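Report on the following structure.
The values are calculated or read from the model by the stated rules, or taken from the named source; none is laboratory data. Bear in mind the structure is a predicted one, so any value in this text is a computation, not a measurement. A quick note on method: Cβ atoms are made from the backbone with ideal geometry, for glycine too, and the neighbour counts reach across all protein chains shown. We work out accessible area using only protein heavy atoms, side chains counted, and drop any ligands, DNA or RNA first. Shrake-Rupley method; radii C 1.70, N 1.55, O 1.52, S 1.80 Å.
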Amino acid sequence: MAVDTDKNTYTVIFAGLMVVVVGSVLAFLASGLGPTIKQNERYATQQDILYAMGVNENGDDAGSVSKIPTDKVEAEFTNFIKEQFVIEDGKTTPNDEAFLIDLKKQLASKNKGNSYKLPLFVGEKDNKNYYIIPMYGKGLWDAIWGYIALDDTMTVQGVYFDHKAETAGLGANIKMRYFLDDFTGESILDGTKYAGIAVAKGNNDPLNNRKDDNAVDAIAGATITGNGVAAMISESVNLYKDYLETIRVK
Amino acid sequence: MALLTKKDANLILDPLTDNNPITIQVLGICSALAITAELKASIVMAISVIFVMGMGNVVVSLMRDIIPSKIRIIVQLIVVATLVIIVDQVLKAFAFELSKTLGAFIGLIITNCIIMGRFEAFALANGPWRSFLDGIGNALGYGVILIIVGFFRELFGSGTLLGYPVFGDPIMKTGLYATGYENNGFMILPPAALIVVGILIWVQRSKNPALVEEN
């Protein structure tokens with residue numbers, strides 16, 4: 001018997017069934033793949049934190065970013081990251097799961113005037129301490145985030161940036177090595193002020209030889225993403241200012 | 001018996017040439033402009049669209065006799081959206097790095113008008129096998145143009161291909177840059193894609209005058 005697909009009852013039943021079928025398929029997929037995706041995200045966070053403190057597999061040529069492979073990252077993370085802290089209401093407490101804290105949620109809570117937790121990582125490499133701060137901000141189209149590793153003179157030891165949806169070939173290049181490498185050696189201090197690092201157009205220093213100007217050369221065609229990166233660094237270091245003052249060598 | 005009859009083969013070959021979705025039908029231009037600044041993004045987008053369009057055409061074709069005509073566009077949208085979420089989740093689970101590179105592009109597939117166009121124009125009226133071929137053919141036709149545009153934009157905009165320097169180092173002034181050559185910054189901006197697509201349309205129509213519309 002042929003069904004009259006134009007009848008309203010049929011349409012409503014069809015729509016209902018479609019919702020149930022599609023919903024079940026997606027729910028099944030999400031619960032099946034969920035744990036694998038969570039683990040991937042965990043590894044990615046560890047890779048990014050290690051990358052910022054210079055633990056990576058980058059070659060000598062300024063080619064592409066090469067992180068610690070996922071099968072080694074957990075071991076390397078325990079090896080290099082000596083302590084993890086959570087800063088809440090001015091109190092700093094050790095917490096081994098600090099790297100799982102979602103900074104986006106914490107900043108949203110801060111903006112609502114509620115209490116918030118700030119994760120912080122202390123790494124050690126070649127007998128030198130690295131203080132790694134997570135960052136979160138806005139690019140042109142969507143979120144940008146990253147990590148900045150500082151030493152006790154507030155000199156940048158390395159950075160890592162990533163983005164959700166910046167323009168390919170333009171803003172998306174903030175995660176390219178030629179941009180990331182420029183930050184190393186810059187100071188986030190201007191005198192005693194936590195100034196951050198500007199992403200400057202026309203600072204006439206494309207090779208970034210000047211390390212005392214609180215600025216790196218911008219990417220052509222990515223003004224708004226670049227400004228976002230600069231704003232993100234400045235906001236983040238100011239959030240951690242109280243802690244950084246306690247470790248800074250004056 | 002051959003796997004594909006001549007008619008079936010044309011379903012794949014036509015969209016590659018004389019019935020190309022981008023250069024002839026001028027569909028899917030939005031993503032052709034947005035993501036072709038780099039060759040890698042173009043290739044990955046092309047592969048993702050091949051999967052979504054091939055599968056989507058089959059699903060819609062199988063459901064063609066039971067879809068109520070009043071809500072068929074919504075049903076087609078749900079099919080595309082579901083497939084796109086599947087691609088996204090599978091990539092996140094098994095190719096995490098790649099899924100991060102793709103980011104927003106995967107979501108953009110939903111808005112690709114070629115997909116809805118093929119569902120509406122072909123899959124609703126044909127069987128699953130022919131719909132599958134039509135989907136693959138159109139996605140290939142779309143992908144080929146994307147890759148050509150991506151090739152020229154990355155080469156002349158950034159002086160690289162798939163991220164590898166082709167012309168030398170623009171900052172240290174080596175290779176071609178030593179002669180005073182500069183990258184064309186305009187090529188990485190979206191309007192450049194429109195010009196490259198325009199040139200492709202021009203080349204194609206001058207080779208085959210039958211494609212030129214009469215005024």
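When we screen A:G228, A:G169 for residues that are open to solvent by less than 40 Å² (accessible area, probe 1.4 Å) and touching a Ser or Thr at 6+ places or on another chain (Cβ under 9 Å), the only hit is A:G169. Among the listed residues A:G54, A:G90, A:G32, A:G59, identify the single one that is more than 21 Å from the chain's Cα centre (by Cα) and surrounded by 11 or more Cβ atoms within 10 Å (Cβ to Cβ). None of the others qualify; the one that does is A:G32. When the test is whether a residue is touching a residue at least 12 places away in the same chain (Cβ under 8 Å), more than 13 Å from every other protein chain (Cβ to nearest Cβ) and out of contact with any Leu (no Cβ under 9 Å at 6 or more places or on another chain), B:Y177 does not pass it. Considering B:K40, B:K92, B:K100, the condition of being within 26 Å of A:G169 (Cα to Cα), of a type in the set (K, R) and within 16 Å of the chain's Cα centre (by Cα) is satisfied by B:K40 alone. Please verify whether the stretch A:78-89 includes one or more residues that are part of a helix (DSSP H, G or I), modelled with pLDDT under 90, more than 9 Å from every other protein chain (Cβ to nearest Cβ) and farther than 30 Å from B:T160 by Cα. No, the stretch A:78-89 has no match at all.
The residue that is most open to solvent (accessible area, probe 1.4 Å), among those in the stretch B:131-178 that are of a type in the set (V, I, T) and not in a helix (DSSP H, G or I), is B:I171.
Do we have any residue at all in the stretch A:107-121 that's closer than 22 Å to A:V249 by Cα and among the basic types (K, R)? No: zero hits.
Listed here are the residues, each with its yes/no results for (1) of a type in the set (A, V, I, L, M, F, W, C); (2) crowded, with 17+ Cβ neighbours inside 10 Å; (3) within 22 Å of A:D142 (Cβ to Cβ).
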site	(1), (2), (3)
B:E38	no, yes, yes
B:V44	yes, yes, yes
B:M63	yes, yes, no
B:R72	no, yes, no
B:N112	no, yes, yes
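For B:V58, the criteria (1) more than 9 Å from chain A (Cβ to nearest Cβ); (2) over 28 Å from B:L162 (Cβ atoms); (3) hydrophobic (A, V, I, L, M, F, W, C); (4) part of a loop (DSSP other than H, G, I, E, B) hold in every case but one, which is (4). Go through the stretch A:1-51 and give me each residue that's touching a strand residue (DSSP E or B) at 6+ places or on another chain (Cβ under 7 Å) and among the aromatic types (F, W, Y). Across the stretch A:1-51, the qualifying residue is only A:Y51. Quick one: would you say A:F179 is open to solvent by less than 20 Å² (accessible area, probe 1.4 Å), farther than 23 Å from B:D88 by Cα and aromatic (F, W, Y)? Spelling it out, A:F179 is indeed open to solvent by less than 20 Å² (accessible area, probe 1.4 Å), farther than 23 Å from B:D88 by Cα and aromatic (F, W, Y). B:I106 fulfils the conditions (1) modelled with pLDDT of 90 or more; (2) under 30 Å from B:T82 (Cβ atoms) except for a single criterion, (1). Just so you know, in the stretch B:98-110 the residues that are open to solvent by 40 Å² or more (accessible area, probe 1.4 Å) and either in contact with a Ser or Thr (Cβ under 9 Å, 6 or more places away or on another chain) or facing chain A (nearest Cβ under 8 Å) (or both) include one that is farthest from A:K67 (Cα to Cα), and it is B:L108. The set of residues from the stretch A:150-167 being within 13 Å of chain B (Cβ to nearest Cβ) and not in a strand (DSSP E or B) comprises A:K164, A:A165, A:E166, A:T167. If you check A:L170, A:L207 for being within 21 Å of B:E154 (Cβ to Cβ) and within 14 Å of chain B (Cβ to nearest Cβ), only one passes: A:L170.
Residues are listed down the side, and each one gets a yes or a no for (1) among the hydroxyl-bearing types (S, T, Y); (2) in contact with a Pro (Cβ under 6 Å, 6 or more places away or on another chain); (3) free of Cβ contacts under 8 Å to residues at least 60 places away in the same chain:
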| residue | (1), (2), (3) |
| --- | --- |
| B:D8 | no, no, no |
| B:S42 | yes, no, no |
| B:M55 | no, no, no |
| B:M63 | no, no, yes |
| B:I66 | no, no, yes |
| B:L83 | no, no, yes |
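Checked against (1) among the aliphatic types (A, V, I, L, M); (2) in contact with a Gly (Cβ under 7 Å, 6 or more places away or on another chain); (3) assigned to a helix (DSSP H, G or I), A:V199 passes all but condition (3). The set of residues from the stretch A:191-201 being closer than 24 Å to A:K138 by Cα and open to solvent by less than 80 Å² (accessible area, probe 1.4 Å) comprises A:Y194, A:A195, A:G196, A:I197, A:A198, A:V199, A:A200. Scanning the stretch B:191-215 for residues that are open to solvent by less than 60 Å² (accessible area, probe 1.4 Å) and assigned to a helix (DSSP H, G or I) yields a count of 10. Inspect all residues belonging to the stretch A:96-106 and state whether any of them is over 21 Å from the mean Cα position of the chain (by Cα), free of Cβ contacts under 8 Å to residues at least 12 places away in the same chain and more than 9 Å from chain B (Cβ to nearest Cβ). No, the stretch A:96-106 contains no residue that is over 21 Å from the mean Cα position of the chain (by Cα), free of Cβ contacts under 8 Å to residues at least 12 places away in the same chain and more than 9 Å from chain B (Cβ to nearest Cβ). Whenever a residue of the stretch A:193-206 is closer than 17 Å to A:I224 by Cβ, its partners that are assigned to a loop (DSSP other than H, G, I, E, B) and open to solvent by 70 Å² or more (accessible area, probe 1.4 Å), lying with C-beta atoms within less than 9 angstrom and at least six residues away or across chains, give the pairs A:K201/A:A220. Only one of the numbered conditions (1) over 30 Å from B:V79 (Cβ atoms); (2) small (G, A, S); (3) more than 10 Å from chain B (Cβ to nearest Cβ) is violated by A:S64, and that is (3).
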